[in-house]
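Quick notes on the structure that follows.
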Amino acid sequence: MILVAFIAVLMIGGVIAWITSQWNSILSRWISLIALIVNFVLAIFIWIQKPTIESSNWIVQFSAQWIPSLGVSFSLALDGLSLLMVLLTFFLGIFAVLISWNEIQERVGFFHFNLLWVLAGITGVFITMDLFLFYFFWEVMLIPMYFLIGIWGHENRRYAAYKFFIFTQASGLLMLLSILGLYFIHGRVTGTFTFDYFQLLNTEMPADVARWLMLGFLAAFIVKLPVVPFHTWLPDAHSQASTAGSLILAGLLLKTGAYGLIRFVLPLFPTAAAELAPWAMLFGVIGILYGASLAFAQTDLKRLVAYTSVSHMGFVIFGVFAFNELAMQGVVMQMITHGISTGALFVLAGTIYERIHTREITSMGGFWNKAPFMGTIGLIFVLASLGLPGLGNFVAEFLTLLGAWQANQVLTIFATIGVVAATAYSLRIMQKVFLGNFSSDKIVPDLSLREKIIMVPLVIAIVWLGLFPQSVMNTVKQMISAQFNTEQIISNDTENENGSK
Amino acid sequence: MEVSKINIIDVLPGIFLVTASLIAMLSIAIKRNHKLIFGLTTISLLGVFVYLLVYASNHRFTVEPLFIIDGFGTFITGLIVMSTLAISLLSYAYFEQREERKEEYYILLLLATLGSAILVISKHFISLFLGLEILSISLYSMVAYLRKRPRSDEAGIKYLILAAFSSAFLLFGMALVYSVSGSMNFSGIADYLSSANSLPLTMQAGFGLMIIGIGFKLGVVPFHMWTPDVYEGAPAPVTAFIATVSKGGMVVLLVRFFTQIDGFRFPVIVLSFTIIAIASMLIGNFLAIRQNNVKRILAYSSIAHMGYVLVAFLAGGRLGVEAVSFYLVAYFLTNIGAFGVVSILSDHDRDAEKIEDYQGLFWRHPKIATVFTAMLLSLAGIPLTAGFVGKFYLVASGVNTQLWLLVFVLAIGSVIGLFYYIKIIATMFDKSVGTETLALRPRLYLINLITLFVLSILMMFYGIYPQGLIERIQDFLK
C-alpha cells in the first residue's frame, strides 16, 4: 500500500495545490513541499528498516487488477534499485519546490500541479512492474514536463519544449510497439496474455525477434538517457527550462532511461543485449568524449552543464553494457551522484540567473569575492563533477571504469580520457564564474537562507556518498548480483543449446 | 418480405426517429419554437437509447433480407444516438445565437442519425444505399445551413457534388458485384465468393468502385479532398456530426461487409486498403502541420484517424472489431468534445477557427482551455485519456496479426500528429496578448459547459478505467 501512497500523495497533492492556488499561492507551495516531505520520510523509513537487502529481492509489493481483459494489472514493487531511485526523486523534488519559491510567480498552482505530476510519473516508472503501467507512467511524465518547460521556461521555451516532447514521444512509441510484440509473443508461447514483468522475464523467442524488440526498448531509453547522437533535445530543454525544470530533467528524468536499461533491457533480452554490448559501449565512450568537448565550448552556463550531463550519462551506458557487477554498482552510484551534483549545478546556475539575469559565462566572473558562500558551494560541485576522490562521483566513475576494464580495455582507456576532459570543463566553470575580475554591473548578494537550506543538504549528500558509498551499495547489491546470476544461467543455457546442436 | 413477419418492437428505434422528425416538422408548421423542438429531439434520442439499453442489448435478430441487428450493430447504434444527443445539446446554444430559422436543423439531424443507424445494421445493398442517401441528403443541407455565410454555401455545394459523385461510384460498383454474384445480400455475395477461388475481373472492378465510394465517405486519402473544406465551412456542430456519426457509420459498414464476405482472402483488396491506410496516416498528418485553421487541422487529423482505424480493420478478427469499437467510442467522445469547444467559442459572426482565436485561451477561459487540451491530448493518444487506450487497442490488434508496416506507420503518424496538437495547446498557453480587439465574444451557455464537462469526464474515465467499456464491448460482440 505504501507504494500506492507514494504516487497517490503526489497526484492528489498536485490537484489540491492547483485548487488552493486560487486563494493562496503560498499555500500551494507548502502543500507541494509537505507532500514531498511526507513521501521522503516514508521512503527513508523503508530504507532504515531494510538497509541491506539480503534474502528476498523485493521489499514491498502491491498488485491489483486494472484491465484484466487485456492482462494489465496495477502492479508495483520496490527493490533496492527502485528504493534508491525513489529516494532520490523525493529528495530532489523537495529542492525543486524550494528553488522555485521565488522564481515562479505566475500560475503558481498549475506549476506545482505539473511539478508533482512529473514526480508522480517518475516515481511510477521506478516502481511499476507491469509493462503497460510502465508505458503509462512513462508518458505521464511527459506532458507536465512539457508544460514546465513550455510555460515557465526562458526565451526560447516553445521550441525546446516541442523538441523534448517529440523526441521522447517518438522513441516511447517504438517502445510501445516492442512491449506489444513481447506481450503477444509471450501470449502465444504460454497462452497467458499478460504485461506482468515477472512473467515476461523468461519469454522464449527467436534471436532476431529478440533483437528487434530490444531495439524498441532501447530507443526509448537511449533518447531519455541520452546517448549521442540522440542527445540534441537535451541542451535545449535543459537551458530553456526553469531551474526546477532543469533540476528534475537532469536529476531524475535522465535516470529513468538508465533505470530502464537496467530493469528492462538487460533482464528481458539478455542474449540480444550481450550481442549489442560492444557497440553500446562504443557509443557510451563517444558520448563521454563528445559531451565533454562540447561542454568545454559552451558560453551558456546551463547549456554547459547540460553537455556535462551528456558526458556523464555516457558512463552509464558504458557501465551497463560492461556486464559485470562492479560496473553496474558504479552505474547505480553514477545515477545518484550525477543527480545530486548536476542538479546542484543547475540550482547554482539558477541562483546566478536570478541575480544577474543572464546565463552567459562571459558576463560573469569574480563572484567569489562578492558571494563566498556561493563560491564554496560551486567549488564543491565542480570538483564533484570532475570526479575528485572523496566526493560521490569519484566512486561512481572509478567503479564503472574498473568494471569496464574487464570487459573492454581499449574503450576503457578512451573513457578514462573523458575524466581528464571533465577536469578541463569543470575548472573552466570555476575560473570563468567565480574567479577573475568582477565585471558585472549587477549586485550579487550571497546565498539567502532558503538557498542555503537547498545547497547544504546537497553538499552533505554528495560528501556522504563519497565517504560512505557502501551504504548505497549494500542496498542494490542483492538486486545486481541476482541479475547477473540469472543471466549467467541463461547464457550458459544458450551455450549448451548451441553446443548440443 | 411480408411486413407481418416483422416484430414491430424490433424496428422501434427507426420508427421512433422517423416519428420524432415528423412531429418536429408538424410542430414547425403550427408554431416555431426552438426550445420545444430541441426538447423533442433530445427526448426521442434518449428514448431510443433507453430502448437499446433495456430491450435490444441481449436481443439478436435479422429482418430479412435487409437488416441484421446484432451486438455490434446495437452497440454502435447506441453510440451514434448518444453522440447525436451530445451534438444536439451543443447545437442548441450555437443556433440560438445565429440563425432565425433554427428549427429545421433538428429534423435534418434526426434524419441523418436515422441514416447512419440504418447503415450500421444493414446487410443488403439496398438498405446500405438507402441509409447512406438518407444520411448524405440530410447532411447536404446541414452543411449549408448557415446560408448567410458564403463558405457554408460553398461547403454545402462541394459536399453535394462530391458525395453524389461518390454515391454514383458506389452504385456502379454494387451493380458490377451484383452482375457477377447475382446477389445483393452480403451473405449471398459471401456464398458466391467462397465457391470462387480467385476474384473475377468484373468483381474486382466492382469492389474497386465500391472502395472509392466508401473511401469518399470516410474521407481517406486519396479521396479526402472535400474533408478540410467541408469541415471548415460547415457550422461547428455539423462538423462534429460529419466527423463522428457519419464516418463512424461507414466504418461499421465497411467492417461488416468485408468481414462477412471474408474479403481479406484476396490480396488485391488487402493491398488497396493497406495503401489507403498508410497514405491516410502519413498525408493526413503531414498536411495538418501546415494548417493555421483549427477546423482544418481537425479535418486533416480525422483523415489520419480514419487511417488508424483501417489498421484495426485490416487486422480483422475478434480483437480487430473490439479495437474498432473501442476506438470509435474514444474518437466520438474526443471529436465531439473538440468541436464542442470550437462551437462554444464561436460568436455571432464566425466560428472560432483561427488559431489566433485560441491565443492565451488558458488565461481567459481556463476551464474551456483545459477541456480542449484534454481532447487534443486524447486525439494525440496520451495516457489518462480514452484516446490512449483506443490507440493502444489499435496497435495491439495490428501487432497481433503482425501488420508491422502498418503499425510502424501508425507510430510515425502519431508522432507527426503531436506537432499540430501541441501547436494548438502551446497557443492556448501562450500569454502574449495583443489581439484583444479581434477576440471573439461568445455567449457561454451553461448547457454547453455541462455537456463538455460530461464528455471530458467520460473521456478521462475510459482512459483510466477502460475495463468496464471493454467488457461491455466484448459482451456485445459475443
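Numerical summary
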| item | result |
| --- | --- |
| Pair A:W279, B:R60: separation of 7 Å Cα→Cβ label points (nm) | 5.0 |
| Charged-residue dipole, Cβ positions (Lys, Arg, Asp, Glu), chain B about Cα centre, Debye nearest 20 | 560 |
| Least to most buried among B:R149, A:R303, A:R450 (fewest other Cβ within 10 Å first) | A:R450, B:R149, A:R303 |
| Other-chain or far-sequence residues with amide H under 5 Å of A:L225's (modelled H) | none |
| Cα-centre dipole for chain A with unit charges at Cβ (Lys and Arg positive, Asp and Glu negative), debye to 20 | 1080 |
| Computed E for B:A205/B:F165 - FRET, C-beta separation, R0 30 angstrom, nearest 0.05 | 0.95 |
| The protein assembly as shown - Rg (one decimal) and Dmax (whole number), Cα, Å | 30.5, 102 |
| For A:K477, B:K247, order by how many other beta-carbon atoms lie within 10 Å, fewest first | A:K477, B:K247 |
| Rounded to whole Hz, the Karplus (6.51, -1.76, 1.60) HN-Hα couplings of the stretch B:175-191, x for glycine and proline | 4, 5, 4, 5, 4, 8, 7, x, 9, 9, 7, 4, 5, x, 5, 4, 4 |
| Karplus 3J(HN,Hα) series, Hz, for the stretch A:270-286 with 6.51 cos²θ - 1.76 cosθ + 1.60 (x for Gly, Pro) | x, 6, 4, 5, 5, 4, 7, 3, x, 5, 4, 5, 4, 5, x, 5, 4 |
| 3J(HN,Hα) from dihedral phi, the stretch A:464-472, Karplus parametrisation 6.51/-1.76/1.60, rounded to Hz, x for glycine, proline | 4, 5, x, 8, 10, x, 4, 4, 6 |
| Inter-centroid distance (Cα atoms) of the stretch B:115-188 relative to the stretch A:122-175, Å | 43 |
| Long-range amide H partners of A:L447 with built H, under 5 Å | A:F373, A:M374 |
| Residue-averaged [θ]222 nm for the protein assembly as shown, counting only DSSP H segments that reach four residues, each worth -39500 (n - 2.57) | -25000 deg cm²/dmol |
| Residue among B:Y192, A:L345, B:L89 farthest towards the positive dipole end of the protein assembly as shown, charges placed on Cβ | B:L89 |
| Residues A:H154 and A:Q22, FRET efficiency given R0 of 22 Å [Cβ-Cβ distance, rounded to 0.05] | 0.20 |
| Separation in nanometres of the label points that stand 7 Å from Cα toward Cβ, at A:N474 and A:T190 | 3.5 |
| Options B:V252, A:L282, A:A77, ranked by Cα towards positive dipole end of the protein assembly as shown, top entry (Cβ charges) | B:V252 |
| Charged-residue dipole, Cβ positions (Lys, Arg, Asp, Glu), the protein assembly as shown about Cα centre, Debye nearest 20 | 1600 |
| Using a Förster distance of 22 Å, the FRET efficiency for B:F172-B:L130 (Cβ separation, nearest 0.05) | 0.80 |
| Net lengthening on full extension, B:D153/B:E96 (0.36 nm per residue, minus Cα-Cα) | 18.5 nm |
| B:W363 versus A:V41: modelled label distance in nm, points set 7 Å from Cα along the beta carbon direction | 3.9 |
| Gained length - A:L379 relative to A:N202, 0.36 nm times residue gap less alpha-carbon distance | 58.9 nm |
| Residue order, fewest to most beta carbons within 10 Å, for B:K431, A:K370 | B:K431, A:K370 |
| Alpha-carbon centroid distance for the pair the stretch A:190-233 / the stretch A:1-18, whole angstrom | 29 |
| Amide hydrogen neighbours beyond the local backbone of A:V60, cut-off 5 Å, H modeled | A:L78 |
| Within the stretch B:145-209, trypsin sites (Lys or Arg not before Pro) in DSSP loop having at most 15 other beta-carbon neighbours inside 10 Å | B:R147, B:K148 |
| GluC sites (Glu not before Pro) restricted to DSSP loop in the stretch A:64-158 with at most 10 other C-beta within 10 Å | A:E155 |
| DSSP-assigned coil residues among chymotrypsin sites (Phe, Trp or Tyr not before Pro) in the stretch A:1-107, each with at most 15 further Cβ atoms within 10 Å | A:W23, A:W58 |
| Charge tally in the Cβ shell below 15 Å around A:L131, where Lys, Arg are +1 and Asp, Glu are -1, A:L131 excluded | -2 |
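FYI, it's all coordinate maths here, none of it is from the lab. This one's a predicted model, so the numbers in the text were calculated from it and none came from an experiment. With ideal geometry, Cβ positions are generated from the backbone for all residues, glycine too; neighbour counts draw on all protein chains shown.
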